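*Asks:* Have a look at this one.
The values are calculated or read from the model by the stated rules, or taken from the named source; none is laboratory data. None of these values were measured; they are calculated from a predicted model. As a convention, Cβ positions derive from the backbone with ideal geometry for all residues, glycine included, and neighbour counts pool all protein chains shown. Side chains included, ligands, DNA and RNA excluded: accessible areas come from the protein's heavy atoms. Shrake-Rupley method; radii C 1.70, N 1.55, O 1.52, S 1.80 Å.
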Amino acid sequence: MSDTKLIRVGSRKSELALIQTHHVIEQLKGRHADLRFDTVTMNTTGDNILESALSKIGEKSLFTRELEDALLKKRVDFVVHSLKDLPTEIPDGLVIGAVLKRDNPQDAVVMHPKHCGKTLSELPPGSVIGTSALRRAAQLQRKYPHFKIENIRGNLNTRYRKLSEDGSAFAAIILAVSGLERMNWHHFISQILSPDDCMYAVSQGALAVECRAGDEETLGLLSILNDTDTALACVAERSFLRTLEGGCSTPISVYSEKNGDRLLLRGGVFSLCGSKGIKQEKTCDLTAAFDSQGRQADSSCHPAPHYVSILCHSPDDHARFHGARRLGEELAVSMMKAGADDLLKAAKAAAKESLLAEHAKRRLARGAGEGQEVQASSSKAPKV
C-alpha cells in the first residue's frame, strides 16, 4: 500500500460500535503507522426501529445491511461488526476477512441499583427481567419460571438508562459480558451466567471485519487480525445456525470449546416459553481430515475461499475449517431428528403471527397520523 493510502472504515454510530471499530483501527495502526483511517458512521434498520422486539421486525441483516451496501458501493473499504449480528448468508461479493480473538462470550446480569450485588436466584418472584433476545428469554423463563421476562431494546446506554431510571419496572437486564467489558462497565456486572444457566448466541464475543471478496489489498491488511481458533469455533457455530435455518426469531443457543485440535460444540433449541428444550453436543477432531503424511484425506475439503462466509487465510487450514463446518451441520441434523425441528417451526409460526400483528399496528398508527395531519391542515385552511 502507498504511504498516503486512506482506509475508509464503516461502523454503526453507537458508542459500543465505535469502540469496537476504533479497537480494530488501533491494531492496524500498530503495524501500519503510515496508513490513514477515516471512520464512516451510519444508522442501520435495527438502530432506527427501537419500539419493537427484534423478532417482530421481520427482516434479516437488521444491523448490517446499510454497512454492506456501503461496502458494495465502495464508499468504505471494510466494516466492523459484532459477528453475532452478521447473518450466516451475506451478500455476494462480500466476505468476512478477519475474525478477531474472541472475548468472553457469556451473558451477564446487570441489576437495578436497588438490587446491586444480588444474583437472579435472590430476586423475588414476579421480578421483571429485560432482554431483547428470544434465546435469553426462553432459557431464563425455563430456569426461573417465577420471573416475568420483558423486551427491552436500544444500545447499551439506552438499555441501562431504562433499567436505572426512577420508576423502572425492571429488576435486572441481561447483556453480553463482552459488550460491557468493552464499554469499561465491569462494575455493572452482578452475575455472569454459566452455560448451564444460559448458553450464548452464535459467535457472541467475536468481532468480525467484512470486506469485498476481491479486494486483495484489504484482505492482506486484515489477515494480521485473524485468530484461527476463534474463526474455527465461529464456523462451527454459524454452520449449526445455518443448518437449523435460525435467526433472531428463533431461540437457538450454543457453547463451544476448543482444546488443541478437538472442538466441542453444544447446541440448544427451545420453545418460546422455555417449557421445552433440546440440548445436544458433539466433538470433532479437526485433524481427522488429514492422513498420516499431513495431506487432506477428505476429497470434499476443496480449497474453498470461505466457510459460512468466514475466510480461511491459509491453504493448510482448509481441512480444519471443513471439519468445523461439518461439526455444526451434523449437530444441527442430530438435534432436528430429536425434535428441534418442531420447536423451530412453532417458534417461526409464532414469530410470523406476531410480525403480522406488528405490521397491522404500524399501518393503523400511520393511518391515524395521516388523519391527524389532514385534520390539522384543514383547521389551518384560510377562510374564503
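*Asks:* Looking at GLY294, GLY274, which is the one that is farther than 28 Å from ASP92 by Cβ, modelled with pLDDT under 95, open to solvent by less than 10 Å² (accessible area, probe 1.4 Å) and part of a loop (DSSP other than H, G, I, E, B)?
*Replies:* After ruling out the rest, the residue left standing is GLY274.
*Asks:* Find the residue count for region 181-206, including only residues that are touching a helix residue (DSSP H, G or I) at 6+ places or on another chain (Cβ under 6 Å) and within 11 Å of SER253 (Cα to Cα).
*Replies:* 5
*Asks:* Identify, from the list ALA338, ALA324, ALA332, the residue that is under 26 Å from PRO87 (Cα atoms), touching a Gly at 6+ places or on another chain (Cβ under 8 Å) and modelled with pLDDT of 95 or more. Give the derivation first.
*Replies:* Values: ALA338 fails: touching a Gly at 6+ places or on another chain (Cβ under 8 Å); ALA324 fails: touching a Gly at 6+ places or on another chain (Cβ under 8 Å).
Going through ALA338, ALA324, ALA332 in turn, the sole match is ALA332.
*Asks:* Could you grab the pairs with beta carbons closer than 9 Å, sequence gap of 6+ or different chains, first residue in region 25-38 and in contact (Cβ under 8 Å) with a residue 60 or more places away in the chain and under 15 Å from LEU100 (Cα atoms), second one part of a helix (DSSP H, G or I) and not aromatic (Phe, Trp, Tyr)?
*Replies:* GLN27/ILE224; GLN27/LEU225; LEU28/LEU221; LEU28/LEU222; LEU28/ILE224; LEU28/LEU225
*Asks:* Restricting to region 231-251, give me the number of residues that are under 25 Å from LYS143 (Cβ atoms), of a type in the set (Val, Ile, Thr) and open to solvent by 10 Å² or more (accessible area, probe 1.4 Å).
*Replies:* 0
*Asks:* Within region 206-230, can you find the residues that are surrounded by 24 or more Cβ atoms within 10 Å (Cβ to Cβ) and either of a type in the set (D, E, K, R) or touching a Pro at 6+ places or on another chain (Cβ under 7 Å) (or both)?
*Replies:* If the condition is that a residue be surrounded by 24 or more Cβ atoms within 10 Å (Cβ to Cβ) and either of a type in the set (D, E, K, R) or touching a Pro at 6+ places or on another chain (Cβ under 7 Å) (or both), then GLU210 is the only one that fits.
*Asks:* From the list ASP215, ASP227, which residue is under 23 Å from ALA70 (Cα atoms) and at pLDDT 95 or above?
*Replies:* Being under 23 Å from ALA70 (Cα atoms) and at pLDDT 95 or above holds for just one of ASP215, ASP227, which is ASP215.
*Asks:* Name the residues in region 298-311 that are touching a strand residue (DSSP E or B) at 6+ places or on another chain (Cβ under 8 Å) and at pLDDT below 95, would you?
*Replies:* PRO305, HIS306
*Asks:* Mind listing just one residue for me: the one in region 312-327 that is more than 23 Å from the chain's Cα centre (by Cα) and open to solvent by 40 Å² or more (accessible area, probe 1.4 Å) and, of those, nearest to TYR255 (Cα to Cα)?
*Replies:* Only one residue tops the list, namely ARG320.
*Asks:* Just wondering, is there one or more residues in region 191-201 that are touching a residue at least 40 places away in the same chain (Cβ under 8 Å), open to solvent by 50 Å² or more (accessible area, probe 1.4 Å) and not basic (Lys, Arg)?
*Replies:* yes
*Asks:* Additional query: Go through (1) open to solvent by less than 10 Å² (accessible area, probe 1.4 Å); (2) closer than 27 Å to ALA351 by Cα; (3) in contact with a Ser or Thr (Cβ under 8 Å, 6 or more places away or on another chain) and name the single condition ARG266 misses.
*Replies:* Single failed check for ARG266: (1).
*Asks:* Being of a type outside the set (D, E, K, R) and more than 23 Å from ALA206 (Cα to Cα): is that true of SER178 here?
*Replies:* no
*Asks:* Another question about this same structure. Look through LEU265, LEU222 and report the one residue that is outside any helix (DSSP H, G or I) and modelled with pLDDT of 95 or more. Spell out the reasoning first.
*Replies:* Numbers: LEU222 fails: outside any helix (DSSP H, G or I).
After ruling out the rest, the residue left standing is LEU265.
*Asks:* Tell me which of these GLY220 doesn't satisfy, since it passes every other one: (1) of a type outside the set (Asp, Glu); (2) closer than 23 Å to GLU329 by Cα; (3) without any contact (Cβ under 8 Å) to a residue 24 or more places away in the chain.
*Replies:* (2)
*Asks:* Could you list, in sequence order, all residues of region 159-190 that are open to solvent by 30 Å² or more (accessible area, probe 1.4 Å) and hydroxyl-bearing (Ser, Thr, Tyr)?
*Replies:* TYR160, SER164, SER190
*Asks:* Further question: Can you tell me which residues in region 125-154 are in contact (Cβ under 8 Å) with a residue 24 or more places away in the chain and over 19 Å from the mean Cα position of the chain (by Cα)?
*Replies:* Answer for region 125-154, where residues must be in contact (Cβ under 8 Å) with a residue 24 or more places away in the chain and over 19 Å from the mean Cα position of the chain (by Cα): SER127, VAL128, ILE129, GLN141, ARG142, LYS143, TYR144, PRO145, PHE147.
*Asks:* Tell me which residues, restricted to region 116-150, are farther than 26 Å from ALA346 by Cα and open to solvent by 20 Å² or more (accessible area, probe 1.4 Å). Reasoning before the result, please.
*Replies:* Taking region 116-150 as the starting set, the residues that turn out to be farther than 26 Å from ALA346 by Cα are 116-127.
Once the filter is applied, which keeps residues that are farther than 26 Å from ALA346 by Cα and open to solvent by 20 Å² or more (accessible area, probe 1.4 Å), region 116-150 yields CYS116, GLY117, LYS118, THR119, SER121, GLU122, PRO124, PRO125, GLY126.
*Asks:* Another question, if that's okay. Would you point out the residue of region 14-50, among those that are under 17 Å from the mean Cα position of the chain (by Cα) and at pLDDT 90 or above, that is most open to solvent (accessible area, probe 1.4 Å)?
*Replies:* The extreme case among them is GLU15.
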